Amino acid sequence: MEMKTARFLGNKKVALERKEKPKAGPGQVVIEVKACGLCGSERPQYLAGFHHHQGHEAAGVVSEIGDGVTNVKLGERVVGYLTGFCGECEACKAGLTTACQAYPEKENMGWAYPGGFAEYLLVDAQNALPLDDSLSFAEGVLLLDTLGTPYHGLRLAGAKKAKTAAVIGCGTVGLGTVIILKSLGVEKIFASDVSAYRLEKAAEFGAVAIDAAKHDVVEFIRENTANSGVDLVVEAVGRPATLEQAVKAARFGGTVLGLGEQPDEFKLQIDLEMRLKDLTFVRSWYFPVKEYYENMELMKDGFFQDINKLVTHTFPLEKMQKACDLFYGGETLKAIIKFS
Ligand SMILES: [Zn+2]
Ligand SMILES: [Zn+2]
């Protein structure tokens, strides 16, 4: 049996292709995909192409289970967890799956194997995490990179204690960060970007928007915090210059959280200001399975204010080209491919 897929060809072109539907081997499940988010992390492949279809923010229904699978049932609603883990080490048993050392190079959905821009997705059974019946598939998608990734970093950074914060970069992770900070009760949140559209959304979610094309972000934050800087700065762009801004915008004794994906060759300069500031620097990547369940409970309780407003566009797989043109062109916030 065949299935429809959409693959990045390079040069911003997307091809709709028919592929053989995957079969569940021992310990694996096939998920009938219902929703899969577009993600900025796939921009390089959108530009350069990739040898199979991607998509790593998928939610759907278990449509086939392999031998020995006990953690999910046929017909169960699930999301796909991005990264490989052994399930047996101490870290995995505690649900701290990103600390698992079994895959030092990481084995990620959509990169190491075909992802969710397809009608069916084959994963290790333990990577299929149950999604509560009260939540939509789109909300399942939001629980992954959009909320899971920033909230993991924010937990490590002790964001609960912050009274003031700044978010540098208002892509979906940055805006997810604004929403979490607001939901945690952080009193003053600054958010910077160069896109008027994203800044408008940041303001709608309760942040003081800073147009980085018009203002010096660091100066603006200092001027509006009696020259002290903020308790917590979250960098969600992935450029050396914005990480430097983050260091400068933090107050003495403050915390800087790096969420953006800096280029591999980037080295952080420890300059005088940073050396004298008693800073705590937190760098995190994705989130452990344990927190998926915690975040799902919070979502059920309505903790994440305005979260559904983050999804501005949905498209069928057949419109993947249009979806990518708009999403990577900066004309959408979270864009989700939906399957009927
Ligand atoms: Zn993503
Ligand atoms: Zn492990």
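Listed here are the residues, each with its yes/no results for (1) over 26 Å from ALA203 (Cα atoms); (2) not assigned by TED's automatic domain parsing to the domain that holds CYS36.
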residue: ILE221; (1), (2): no, yes
residue: LEU232; (1), (2): no, yes
residue: GLU244; (1), (2): no, yes
residue: ALA250; (1), (2): no, yes
residue: VAL256; (1), (2): no, yes
residue: ARG275; (1), (2): yes, yes
residue: MET296; (1), (2): no, yes
residue: LYS322; (1), (2): yes, no
residue: GLU331; (1), (2): no, no
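Remark: SER41 matches the filter, which requires a residue to be at pLDDT below 95, at negative phi and either away from ligand 2 (no atom under 16 Å from the Cβ) or part of a loop (DSSP other than H, G, I, E, B) (or both). So in the range 81-90, with the set limited to residues that are without any contact (Cβ under 8 Å) to a residue 60 or more places away in the chain and touching a helix residue (DSSP H, G or I) at 6+ places or on another chain (Cβ under 8 Å), which one is nearest to ligand 1 (Cβ to nearest atom)? Within the range 81-90, the match that is nearest to ligand 1 (Cβ to nearest atom) is GLY84.
Taking (1) touching a Leu at 6+ places or on another chain (Cβ under 8 Å); (2) modelled with pLDDT of 95 or more; (3) under 19 Å from VAL178 (Cα atoms) in turn, GLY260 satisfies each apart from (2). A Cβ distance below 8 Å, combined with a sequence gap of six or more or placement on separate chains, defines the contacts here; from the range 105-117, residues that are on the phi < 0 side of the Ramachandran plot reach residues that are of a type in the set (Lys, Arg) and modelled with pLDDT under 95 in the pairs ALA112/LYS106.
Can you tell me which of (1) on the phi < 0 side of the Ramachandran plot; (2) surrounded by fewer than 23 Cβ atoms within 10 Å (Cβ to Cβ) is the one LEU257 doesn't meet? Against the list (1) on the phi < 0 side of the Ramachandran plot; (2) surrounded by fewer than 23 Cβ atoms within 10 Å (Cβ to Cβ), LEU257 comes up short only on (2). The set of residues in the range 187-216 that are surrounded by 23 or more Cβ atoms within 10 Å (Cβ to Cβ) and touching a Ser or Thr at 6+ places or on another chain (Cβ under 7 Å) contains only ILE210. Taken together, the residues in the range 61-96 that are out of contact with any His (no Cβ under 8 Å at 6 or more places or on another chain), within 16 Å of ligand 2 (Cβ to nearest atom) and not charged (D, E, K, R) amount to 13. Close Cβ contacts (under 9 Å, 6 or more residues apart or on different chains) running from residues in the range 27-50 that are within 19 Å of PHE137 (Cβ to Cβ) and not assigned by TED's automatic domain parsing to the domain that holds ASN108 to residues that are at pLDDT 95 or above and within 16 Å of ligand 2 (Cβ to nearest atom) are absent.
Do the conditions hold for ALA58, that is, is it closer than 26 Å to ALA236 by Cα and away from ligand 2 (no atom under 16 Å from the Cβ)? Criteria met by ALA58. In the range 99-111, the residue that is farthest from ligand 2 (Cβ to nearest atom) out of those that are under 18 Å from SER41 (Cα atoms) and touching a helix residue (DSSP H, G or I) at 6+ places or on another chain (Cβ under 8 Å) is GLY110.
The values are calculated or read from the model by the stated rules, or taken from the named source; none is laboratory data. If you're wondering where the values come from, they're calculated on a predicted model, not measured in any experiment. Here the Cβ is made from the backbone with ideal geometry for all residues, glycine too, and neighbour counts use every protein chain on show.
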